[in-house]
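Below is one structure, written out as structure tokens; comments come after it.
What follows draws every value from the coordinates through simple rules; no lab data is involved. None of the values given here were measured: they were computed from a predicted structure. Neighbour counts are summed over all protein chains in view; Cβ atoms, including those assigned to glycine, are modelled from backbone coordinates with ideal geometry.
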Amino acid sequence: MRNRLFTILVTLAFTSCSCEPEDIASFAFKGMETVMGAGFMPSEEIRAIGRFQGMSVNLSQSTTDEEVESTIFLKLENGDPAILGNQPEILARKCAELYLKDFENSAEYQKITIQFLQSDPSDPKNIAMQEYTFDVKDF
């Protein structure tokens, strides 16, 4: 009963308000950052330095032989080929540095992996990926 009431209230709030989709997305991102830590979502500064069209973050922890390895995966999609083609490892390091500076819980992770994904405009299934991994302690 409580879940049904909550669902009805949320539905009414979203259908009866004149909110812009950007406002709703901003609210969702703020809620996610409250749970994950400030700076979890990549900044617009990262988007701008590579002119990336899409950005996402995935946090991973794995255990092997009593050793815990934790990694931040920062996926940056469809950046400007002219920028990416000119020393992408330096751009990856700069993106890692900016992300780790903003993410308040970055010290809890051992590695950060920057993935540059480029999709072919004529065939979106055709994707090229470059991946660079850094130790968080080096920043």
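Would you please classify the overall shape of the range 38-138 from the alpha carbon gyration tensor, given that a ≥ b ≥ c denote the square roots of the eigenvalues, rounded means a/c under 1.5, and beyond that prolate means a/b larger than b/c while oblate covers the rest?
Numbers: a/c = 2.04, a/b = 1.56, b/c = 1.30.
Prolate is the answer for the range 38-138, as a/c is 1.5 or above and a/b outweighs b/c.
Given points 7 Å out from each Cα along the Cα-Cβ axis, report the Asp120 to Ser60 separation in nanometres with one decimal.
According to this spin-label approximation, the distance is 2.6 nm.
Take Glu108 and Asp80, extend 7 Å from each Cα along the Cα→Cβ direction, and tell me the distance between the two endpoints in nm.
About 3.5 nm separates the two model spin labels.
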